[in-house]
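Asker: Before we start, here is the structure in question, set down as structure tokens.
The values are calculated or read from the model by the stated rules, or taken from the named source; none is laboratory data. All values derive from a computational prediction rather than experimental measurement. Note that each Cβ is placed from the backbone with ideal geometry, even for glycine, and that neighbours are counted across all protein chains shown.
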Amino acid sequence: MPSMEGGDVTRSMSARVSRCARAVRAGFALFLLTTASGCGTMITQLDGPLFAPGGHAFDWDGKKASPIYSGTRLSLGGVRKSEIVYFWIADLPFCFVADTALLPLTILQDIGSRIADRFGEDEEEVVLEVEGPR
């Protein structure tokens, strides 16, 4: 085994540290990519029809919207109206994939919300009067 002089050891250590730093950066980028992907879809599903059957998704203007491709539409609205445009641009393809995967569910959600709008009761609160003990 050949002996290494001081300069060779330093270069070898420097190369190892450089490879390790690249691996850490790649791992961090992969982590960010997987955790932030499809974020618009998650926002519209969790805040809208997923936990409120018959409910609606909402768009950037706060108006009711169909849950079909709602994450993709939210990302497009973010590109138009948000200050963090690059986040929404990066999120757009992931939202499209997530919305496509959820398409059968969102079609059912849309049908349910349309039925609820058409045949549902008015959103007036019903107050029952209860007489106290005599």
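Asker: Within segment 47-71, which residues are at pLDDT 75 or above, assigned to a loop (DSSP other than H, G, I, E, B) and under 19 Å from ASP91 (Cα atoms)?
Answerer: PRO67, ILE68, TYR69
Asker: Please identify the pairs in which a residue from segment 89-109 that is assigned by TED's automatic domain parsing to the domain that holds THR44 and among the polar types (S, T, N, Q) has its Cβ atom under 9 Å from the Cβ atom of a residue that is assigned to a helix (DSSP H, G or I) and surrounded by 13 or more Cβ atoms within 10 Å (Cβ to Cβ), counting only partners at least 6 apart or on another chain.
Answerer: What qualifies is THR100/THR72; THR106/GLN45; THR106/SER70; THR106/ASP99; GLN109/GLN45.
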